[in-house]
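What follows is one structure encoded as structure tokens, with my remarks underneath.
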Amino acid sequence: MRTGVFRWFIAGLLFLASALSFFDRQVLSVLAPRILDDLSMSNIEYSHAVSAFTLGYSVMFTLGGRLVDYLGTRLGLGLTVIVWTAASLLHAAVRSSTQLTAVRFLLGAGEGGCFPGAARGVMEWFPARERALAMGIATTGGSAIGAVAAPPVIVWIAGEVGWRGAFLATGLLGAVWAALWFFFYRLPSQSRFTTEAERRHILSDPAGGSGSVRRAPLGWRTLLSRRDVWGFTATRFLLDPVFYFYMFWIPQYLHRERGASLEEIGRLAWIPFLMLGLSSPVGGAASDALVRRGWSASRARKTVMAAAAFLTPASVAALAAPDMVWALLLMSALMFAHGFWMTNYMTLIGDRFPSSVGTVVGITGTFGGLGGFLSSLLVGRVVEAYSFAPVFVVCGVLYPVGLLIILATVRGAPRAA
């Protein structure tokens, strides 16, 4: 019997939100040479603006996730997008480094609620047997495609309307998304766009989403006393630095160690992120297929995460690759595995914390941002003192370590959450 497909339209809206978040944050980095010249900013002043975004983003990951859990997905996620859309528009009016730093903080604060909100939206609209695929589309897949699309699109827009116009354009996209979101999004039990058959499909799964009613989130004391919360958090603290390394340091590695020109970096450096975007829904579909075959959701998610963890050491071979293309392909193996890992990691959190998924995703994201901040400082010192080799080795072995933490702390059937 046909159940309807409106839930996949909701997944598409969540995909666009996460893609926009990664797209918007990269406008500054892509256009930095032109912006710094126009505003007469030094590299030190630029670093202040970049750090302000990281600070706002990391802090608001937890607070934004809690806000989404209390206000509900529709209002909570909608407000976060409105905040970062306003921040993006304000970029077009800045006249000094101080103003730029302030609006970067606001942009980070707004974007901090994006992924907790997207995860909660998936929980409300998808049963366990479809949830990981939807999570891969809505979170990791969206962010990866946003990262791939941003550089060429931003450069083209800036060429047509200038760098201030580029910020206005991204702000306009956010405003359009917010209008669509508030028009279409409701809980499945309240939506006029879904069929009765689809509504029953979403709500019939005992382990499925909370699409009929909005339950109050667990209290802070309860959450922070749980071993699985700390296991998820420790794993994110360890593994987010790997993603930050690939996002911010790979171009430098290609230039310094492989002799790549700026044009070659622009032509090839997006490949690992494309692999991430492709692998995220595939990894989700794999664990969903296991659930449909009768596996428990927990076992299915952890199995796919284990496969990803065992693949990541292959990336270390990039150090010995004969040329830049082979090096990128081997690095892509880690990003492919990251898509499998992160999709099922986020889904596993949702499976265990359906009423508090925004808060728990937010806590882990805050610690992941802290890990990324600290690791960036360490990477710079290691590269200067030695080379990129120690960093690649550590990145390759951290996922198996993360798997051991998950297996040791996320155990048994989920308690009421």
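Remarks
- For the stretch 321-405: rounded, prolate or oblate by the Cα gyration tensor [a/c cutoff 1.5]: oblate
- For the options Arg227, Arg381, Arg301, a Gaussian network treatment of the chain with springs between C-alpha atoms closer than 10 Å singles out Arg381 as fluctuating the most.
- Approximating the spin labels as points 7 Å out from Cα along Cα→Cβ, the Thr3-to-Ser51 distance works out to 5.0 nm.
- Beyond 42 Å, the tail of the calculated P(r) for the stretch 6-409 holds 9 percent of the Cα pairs.
- Per-residue Cβ neighbour rank within 10 angstrom, fewest leading, His338, His48: His48, His338
- Among Ile271, Ile145, Ile137, residue whose mean-square fluctuation peaks in a GNM of the chain (springs only between Cα atoms under 10 Å): Ile271
- Its relative contact order, with pairs defined as Cα atoms under 8 Å and 6+ residues apart, puts the chain at 25 percent.
- Net charge contributed by nearby residues that have their C-beta within less than 13 Å of Trp220 (K/R +1, D/E -1): +2
- Dimensionless Rg ratio for the stretch 86-163, taking C-alpha atoms and the 2.2 N^0.38 Å reference: 1.43
- Span-like helix ranges in the chain, DSSP H, alpha carbon extent 18 angstrom or more, Kyte mean at least -1.0: 6-39, 43-71, 73-91, 97-111, 142-184, 227-248, 271-292, 297-311, 324-352, 357-385, 389-409
- Dipole size of the chain about its Cα centre, with +1 on Lys/Arg Cβ and -1 on Asp/Glu Cβ: approximately 1580 debye, rounded to the nearest 20.
- Take the Cα radius of gyration of the stretch 48-201 and divide it by 2.2 N^0.38 Å, N being the number of residues; the result is 1.14.
- The stretch 218-263 - Rg and Dmax from Cα coordinates, angstrom: 18.2, 53
- Neighbour-count ranking [beta-carbon atoms within 10 angstrom, fewest first] of Met275, Met346, Met305, Met135: Met275, Met305, Met346, Met135
- Taken over the C-alpha atoms, the stretch 24-133 has Rg and Dmax values of 16.1, 54 angstrom.
- Packing-based exposure ordering (other Cβ within 10 Å, fewest first) of Arg129, Arg236, Arg66: Arg129, Arg66, Arg236
Computed from the coordinates by the stated procedures, all read-outs in this text should not be read as laboratory data. The model shown is predicted, which means the values in this text are computed figures rather than measured ones. Note: ideal-geometry Cβ built from the backbone for every residue, glycine included; neighbour counts use all protein chains shown.
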